[in-house]
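Colleague: The structure follows.
The values are calculated or read from the model by the stated rules, or taken from the named source; none is laboratory data. Please read these numbers as outputs of a predicted model, since none were measured by experiment. Backbone-built Cβ (ideal geometry, glycine too); neighbour counts: all protein chains shown.
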Amino acid sequence: MTITSDTVRTAASDTAPLRAKWGWIVALGIVYLIAGFIALGSVAMATVVSVFVVGIMMIVAGVAEVFSAFQIKSWGKFLLWVLLGVLYIIGGFVTFQNPLLAAVLLTLILGASLVVSGIMRIVLAFSMKRETPWIWVVLSGVITLLLGLLILARWPVSSLYILGLFLGIDLIMAGASYIGLGFGLHRAR
């Protein structure tokens with residue numbers, strides 16, 4: 001693949017609006033970093049906040065599901081979609097009533113998902129051709145598997161801090177990437 005001057009000009013013109021706002025992107029990254037460190041400072045509170053966000057998403061999804069049910073013409077499918085939507089709405093409200101129980105269930109699902117994902121990556125890596133960098137896929141799978149097993153081994157106690165810990169780490173990583181993006185755009189000016 002050759003890079004032409006048209007390709008470079010197109011890429012430069014696509015990022016021009018972002019380059020003009022590089023300071024705002026860096027500021028957003030700093031806000032993310034601060035929020036991430038606050039979350040890590042109180043992982044239990046961050047866990048509760050993340051459970052509330054999941055509850056809100058469940059309620060919104062449930063309402064959307066109920067509204068979409070009215071687009072269904074057959075009676076049986078309509079009832080099934082309404083039932084699914086109502087279950088989502090109820091599940092969302094349950095997270096507000098008992099965020100600790102919701103955190104316990106979400107942590108269990110997270111741990112199990114990481115275990116399954118790790119196993120699948122390991123299986124995928126061994127089925128890859130030897131010419132490809134399959135060792136990195138194995139390493140990723142092993143780390144994911146071990147993380148899932150660690151969460152499950154400490155479950156339900158890990159439910160008090162895992163979701164908040166993951167939220168804090170995610171916010172810090174997002175903040176660092178926004179700061180890097182902003183300064184990269186500034187250098188490209």
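Colleague: Could you go through segment 88-106 and let me know if any residue there is within 17 Å of Val49 (Cβ to Cβ), in a loop (DSSP other than H, G, I, E, B) and aromatic (Phe, Trp, Tyr).
Modeller: Looking through segment 88-106, none of the residues is within 17 Å of Val49 (Cβ to Cβ), in a loop (DSSP other than H, G, I, E, B) and aromatic (Phe, Trp, Tyr).
Table: residues versus (1) under 30 Å from Gly164 (Cβ atoms); (2) among the β-branched types (Val, Ile, Thr); (3) surrounded by 13 or more Cβ atoms within 10 Å (Cβ to Cβ); (4) touching a strand residue (DSSP E or B) at 6+ places or on another chain (Cβ under 6 Å).
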| site | (1), (2), (3), (4) |
| --- | --- |
| Ala69 | no, no, yes, no |
| Gly91 | yes, no, yes, no |
| Thr95 | yes, yes, yes, no |
| Val104 | yes, yes, yes, no |
| Ile109 | yes, yes, no, no |
| Ala112 | yes, no, yes, no |
| Ile122 | yes, yes, yes, no |
| Met128 | no, no, yes, no |
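Colleague: Continuing with the same structure: Within segment 114-124, can one find any residue that is among the charged types (D, E, K, R) and farther than 16 Å from Ala44 by Cα?
Modeller: yes
Colleague: Being touching a residue at least 60 places away in the same chain (Cβ under 8 Å) and more than 30 Å from Ala27 (Cα to Cα): is that true of Leu160 here? Outline the logic, then answer.
Modeller: Details: touching a residue at least 60 places away in the same chain (Cβ under 8 Å): yes; more than 30 Å from Ala27 (Cα to Cα): yes.
Here the answer is yes, as Leu160 does meet what is asked.
Colleague: Something else: Please tell me if Val54 is surrounded by 14 or more Cβ atoms within 10 Å (Cβ to Cβ) and free of Cβ contacts under 8 Å to residues at least 60 places away in the same chain. Talk me through it step by step, then tell me what you get.
Modeller: Working: surrounded by 14 or more Cβ atoms within 10 Å (Cβ to Cβ): yes; free of Cβ contacts under 8 Å to residues at least 60 places away in the same chain: yes.
For Val54, the condition - surrounded by 14 or more Cβ atoms within 10 Å (Cβ to Cβ) and free of Cβ contacts under 8 Å to residues at least 60 places away in the same chain - is met.
Colleague: What pairs come out if I take residues in segment 166-184 that are under 10 Å from Ala39 (Cα atoms) and pair them with residues that are assigned to a helix (DSSP H, G or I) and of a type outside the set (A, V, I, L, M, F, W, C) whose C-beta lies under 6 Å away, six or more apart or interchain?
Modeller: Short answer, once both residue conditions are applied: Leu167/Ser50; Gly168/Gly36; Leu171/Tyr32; Leu171/Gly36; Ile172/Gly36.
Colleague: While we're looking at this one, here's another question. Test Lys73 against the stated conditions and say whether it is outside any helix (DSSP H, G or I) and either at pLDDT below 90 or among the aliphatic types (A, V, I, L, M) (or both).
Modeller: The answer is yes for Lys73.
Colleague: Go through Leu145, Leu160, Leu149, Leu181 for me and flag whichever is surrounded by 14 or more Cβ atoms within 10 Å (Cβ to Cβ) and either more than 25 Å from Leu106 (Cα to Cα) or under 15 Å from the mean Cα position of the chain (by Cα) (or both). Full working, then the answer.
Modeller: On the way: Leu145 fails: either more than 25 Å from Leu106 (Cα to Cα) or under 15 Å from the mean Cα position of the chain (by Cα) (or both); Leu160 fails: either more than 25 Å from Leu106 (Cα to Cα) or under 15 Å from the mean Cα position of the chain (by Cα) (or both); Leu149 fails: either more than 25 Å from Leu106 (Cα to Cα) or under 15 Å from the mean Cα position of the chain (by Cα) (or both).
On inspection, the qualifying residue turns out to be Leu181.
Colleague: Pairs under 7 Å by beta carbon, first residue in contact (Cβ under 8 Å) with a residue 40 or more places away in the chain and under 12 Å from Ala61 (Cα atoms) in segment 73-92, partner loosely packed, with under 12 Cβ neighbours inside 10 Å and among the hydrophobic types (A, V, I, L, M, F, W, C), six or more apart or different chains?
Modeller: So the pair list comes out empty.
Colleague: Report, by residue number, each residue of segment 42-63 that is among the β-branched types (Val, Ile, Thr), under 13 Å from Ala102 (Cα atoms) and out of contact with any Pro (no Cβ under 7 Å at 6 or more places or on another chain). Spell out the reasoning first.
Modeller: From segment 42-63, those among the β-branched types (Val, Ile, Thr) are 43, 47-49, 51, 53-54, 56, 59-60, 63; that's our starting set.
Remaining after also requiring under 13 Å from Ala102 (Cα atoms): 47-49, 51, 53-54, 56.
Across segment 42-63, the qualifying residues are Thr47, Val49, Val53, Val54, Ile56.
Results for (1) over 30 Å from Ala20 (Cα atoms); (2) touching a helix residue (DSSP H, G or I) at 6+ places or on another chain (Cβ under 7 Å), shown as yes or no for each residue.
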position: Gly118; (1), (2): yes, yes
position: Ala125; (1), (2): yes, yes
position: Trp136; (1), (2): yes, no
position: Ile143; (1), (2): yes, no
position: Leu152; (1), (2): yes, yes
position: Val157; (1), (2): yes, no
position: Ile162; (1), (2): yes, yes
position: Ala174; (1), (2): no, yes
position: Gly182; (1), (2): no, yes
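Colleague: Would you confirm, using the coordinates I've provided, whether Ser42 is at pLDDT 90 or above and hydroxyl-bearing (Ser, Thr, Tyr)? Even if it seems obvious, please write down each step before you answer.
Modeller: Working: at pLDDT 90 or above: yes; hydroxyl-bearing (Ser, Thr, Tyr): yes.
Yes; evaluated as a whole, the condition is true for this residue.
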